[in-house]
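Take a look at the structure below.
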Amino acid sequence: LTFWTPNINIFRDPRWGRGQETYGEDPWLTAALGVAFMRGLQGDDPRHLKVAACAKHYAAHSGPEAERHTFNARVSPRDLRETYLPAFEALVRAGVESVMGAYNRTNDEPCCGSPTLLEEILRREWGFEGHVVSDCWALRDFHENHKITKDATESAALALSAGCDLNCGCTYPHLLEAVQRGLLTVGDIDRSFTRLAKTWLKLGMFDDPATVSHREIPFSVVNCDAHRQLAREAAQRSCVLLKNEGGLLPLPKKARAYYVTGPNAASVDVLMGNYYGASGRLTTILEGISAAVDRATFVEYRQGSQLVVDNVNPVDWVSHEATLTDATIAVMGISPMLEGEEGDAIASADLGDRLDIGMPANQMRALRKLKKANARIVLVLTGGSPIAMGEAFALADAVLWVWYPGEAGGEAVADVLFGDVPPSGRLPITFPKSLDQLPPYADYAMAGRTYRYLEDEPLFPFGFGLSYTTFRYDGISLSGDTIPSGESVTATVRLTNTGARDAGEIVQLYLRWPEADGSPLQALKGFRRIALKAGESGSVDFPLGPEHLALVDEAGRSSVRPGRVEVIAAGACPIPRSVALGAAEPVSCLLHII
């Protein structure tokens with residue numbers, strides 16, 4: 001009844017293998033999605049929790065995966081408060097029941113035994129009343145790896161006294177000895193026990209079952225048809241169209257023949273990603289395509305290339321066969337074998353991280369052969385982190401990024417490829433052109449990172465994604481263009497579907513502070529999905545209050561500063577690269593804070 005999720009760490013660097021578990025690189029987006037997910041888990045019963053959600057890993061935890069048991073993340077007060085903590089604060093204030101500490105140290109203090117993080121910020125400042133759990137065997141790291149305590153007893157005492165109530169691992173059996181040695185009191189243990197007992201009570205574990213509404217949920221809902229349809233819809237909405245040269249997509253279901261190739265076309269692994277449950281109905285992308293086309297349409301499949309190694313057999317049937325079909329759907333990219341948590345990604349040489357974010361070289365050779373044979377290539381890419389796809393993007397006629405799309409992933413990808421559902425997904429992370437654009441992986445300073453501080457032109461901007469139609473942003477207006485500090489306004493964005501297809505657009509609201517030193521280049525402060533029929537216009541409203549307008553100074557203090565704020569509405573991060581790739585021109589207006 002306790003679920004150690006969501007992972008609301010910031011995906012600050014594309015090399016991190018566990019980034020696929022997060023909601024992306026932006027603290028506002030992470031907070032919004034994390035709170036929604038937490039509320040879905042915990043339910044809305046005023047007396048009982050459905051399950052206890054857990055905000056993890058607190059805090060400043062995002063690689064390197066190989067060093068997580070020894071690493072010390074050095075973070076400035078501004079970066080800590082502006083980037084690494086906002087999502088945790090949002091979930092705490094929304095009522096998350098549990099918080100999990102991270103393996104690493106942050107500014108010299110082990111996160112699962114940090115008085116600063118656990119006592120000063122989490123409980124005193126934010127008023128957290130739930131329980132804190134350690135990451136698994138993180139307390140053992142105190143004495144074995146971080147070398148800040150002498151033995152397990154000292155580690156147990158440090159963690160409990162700092163506010164870590166529950167240990168996943170082998171260290172808290174030493175609590176009795178810690179009391180005997182005078183390192184803890186019985187009152188210290190009572191305090192943590194009380195917090196855990198309150199969670200049991202909130203879960204209704206000791207109440208009359210008739211009074212706990214969540215006990216009425218039958219086991220038959222697990223993987224029921226309605227939930228499978230929801231999995232399909234989630235995967236549909238997650239597909240991001242990155243390129244569509246000449247309107248190749250959507251493909252017609254009735255065609256002479258399609259050729260499906262690539263190492264991930266028939267792979268079950270790329271459906272599930274990192275941290276998954278097994279399902280009795282997993283639909284691969286090959287199966288989804290084969291089921292979606294007209295019965296008279298011939299679908300031929302050959303894997304053609306392996307995930308990361310060259311084929312031993314030199315015979316190449318794929319390139320020739322591809323020339324005989326209407327289009328080649330090449331399902332490539334990466335898989336959880338190459339990225340994930342320490343120990344899970346068995347094909348990763350860096351304990352789950354990707355220190356090379358390019359397309360696998362053998363897959364590139366296969367793409368070049370297809371292009372040389374004049375194949376029309378629809379490149380379907382799987383992955384949980386950015387690929388610097390450079391040449392691959394140029395070789396393909398269309399590129400659809402599908403992530404790790406889940407149990408109904410094959411059906412969902414086919415729905416998008418053949419136009420039953422228009423693509424509406426947007427990138428929650430910046431795709432750099434290469435690692436040369438980024439600071440060193442172990443540097444936790446945000447300068448030069450993410451769309452908020454990267455000054456170079458990326459391969460794909462944060463928030464980017466195309467549709468099978470086009471949108472025009474007609475304007476943005478404020479309910480008042482001058483406000484005193486501490487007050488709020490409403491921004492209204494008007495837009496039109498200027499294409500021939502009905503579709504949804506995700507309107508994104510960004511702020512810029514042209515007069516504030518050290519402020520982000522731009523910062524997302526809202527997003528809304530709107531469905532518009534072909535030719536239809538509509539509008540969406542965004543609130544802008546102190547929580548949106550505030551900036552963090554070098555000391556970590558947040559305040560709304562007098563001056564001009566540029567308010568921008570766009571379909572992607574408002575930079576020239578977005579428009580060059582096909583996103584609509586952004587619109588903006590000025591807000592004066594006095």
Among (1) among the acidic types (Asp, Glu); (2) open to solvent by 30 Å² or more (accessible area, probe 1.4 Å); (3) assigned to a helix (DSSP H, G or I), which single condition is Asp356 missing? (3)
Please go through region 265-281 and give me each residue that is in a loop (DSSP other than H, G, I, E, B) and either closer than 14 Å to Pro336 by Cβ or under 22 Å from the mean Cα position of the chain (by Cα) (or both), ordered by number. Ser267, Val268, Gly273, Asn274, Tyr275, Tyr276, Gly277, Ala278
Could you check Ile334 against (1) closer than 30 Å to Asn104 by Cα; (2) surrounded by fewer than 15 Cβ atoms within 10 Å (Cβ to Cβ); (3) of a type in the set (A, V, I, L, M) and say which number it fails? (2)
For region 122-156, which positions are open to solvent by less than 10 Å² (accessible area, probe 1.4 Å) and either aliphatic (A, V, I, L, M) or on the phi > 0 side of the Ramachandran plot (or both)? Leu122, Val132, Val133, Ala138, Leu139, Ala156
Got at least one residue in region 219-239 being part of a loop (DSSP other than H, G, I, E, B), crowded, with 16+ Cβ neighbours inside 10 Å and touching a Lys or Arg at 6+ places or on another chain (Cβ under 9 Å)? no
Region 385-435 - residue that is part of a loop (DSSP other than H, G, I, E, B) and of a type in the set (Asp, Glu) and, of those, most open to solvent (accessible area, probe 1.4 Å): Asp420
Taking Val493 as the residue in question, decide whether it is closer than 18 Å to Gly425 by Cβ, crowded, with 19+ Cβ neighbours inside 10 Å and either touching a residue at least 40 places away in the same chain (Cβ under 8 Å) or in contact with a Ser or Thr (Cβ under 7 Å, 6 or more places away or on another chain) (or both). no
Would you mention how many residues in region 515-553 are touching a Gly at 6+ places or on another chain (Cβ under 8 Å) and at pLDDT below 95? 2
Do you know which of the residues in region 547-560 that are part of a helix (DSSP H, G or I) and surrounded by 15 or more Cβ atoms within 10 Å (Cβ to Cβ) is nearest to the chain's Cα centre (by Cα)? His548
Select from region 157-191 the residues that are of a type in the set (S, T, N, Q) and under 37 Å from the mean Cα position of the chain (by Cα) and write down the one among them that is surrounded by the most Cβ atoms within 10 Å (Cβ to Cβ). Thr171
Among (1) in contact with a Leu (Cβ under 8 Å, 6 or more places away or on another chain); (2) not in a strand (DSSP E or B), which single condition is Val493 missing? (2)
Of the residues that sit in region 282-303 and are assigned to a loop (DSSP other than H, G, I, E, B) and either among the basic types (Lys, Arg) or in contact with a Pro (Cβ under 8 Å, 6 or more places away or on another chain) (or both), which one is farthest from Val402 (Cα to Cα)? Arg295
Answer yes or no as to whether Trp28 is more than 21 Å from Phe527 (Cα to Cα) and within 14 Å of the chain's Cα centre (by Cα). no
Give the residue, chosen from Ala322, Ala265, Ala278, Ala349, that is surrounded by 24 or more Cβ atoms within 10 Å (Cβ to Cβ) and modelled with pLDDT under 95. Ala322
Of all residues in region 496-526, which are touching a residue at least 60 places away in the same chain (Cβ under 8 Å), in a strand (DSSP E or B) and either under 17 Å from Leu466 (Cβ atoms) or polar (S, T, N, Q) (or both)? Ala503, Gly504, Glu505, Ile506, Val507, Gln508
Going residue by residue through region 438-445, is there one that turns out to be at negative phi, surrounded by 22 or more Cβ atoms within 10 Å (Cβ to Cβ) and assigned to a loop (DSSP other than H, G, I, E, B)? yes
Taking region 465-481 as the search range and keeping residues that are farther than 20 Å from Lys533 by Cβ and open to solvent by 70 Å² or more (accessible area, probe 1.4 Å), which one is modelled with the highest pLDDT? Ser479
Among residues of region 80-109, those that are surrounded by fewer than 23 Cβ atoms within 10 Å (Cβ to Cβ), among the charged types (D, E, K, R) and in a helix (DSSP H, G or I), counted: 3
Some residue of region 60-70 being surrounded by fewer than 23 Cβ atoms within 10 Å (Cβ to Cβ) and among the charged types (D, E, K, R): yes
Looking only at region 531-545, decide whether some residue is assigned to a strand (DSSP E or B) and farther than 22 Å from Gly465 by Cα. yes
For the list (1) outside any loop (DSSP other than H, G, I, E, B); (2) within 30 Å of Pro46 (Cβ to Cβ), I need the number of the one condition that Cys164 fails. (1)
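The values are calculated or read from the model by the stated rules, or taken from the named source; none is laboratory data. Remember, predicted model here, so these are calculated numbers, not experimental data. Cβ sites come from the backbone with ideal geometry, for glycine too, and all protein chains shown count toward neighbours. Heavy atoms of the whole protein, side chains included, go into the accessibility calculation; ligands, DNA and RNA do not. Shrake-Rupley method; radii C 1.70, N 1.55, O 1.52, S 1.80 Å.
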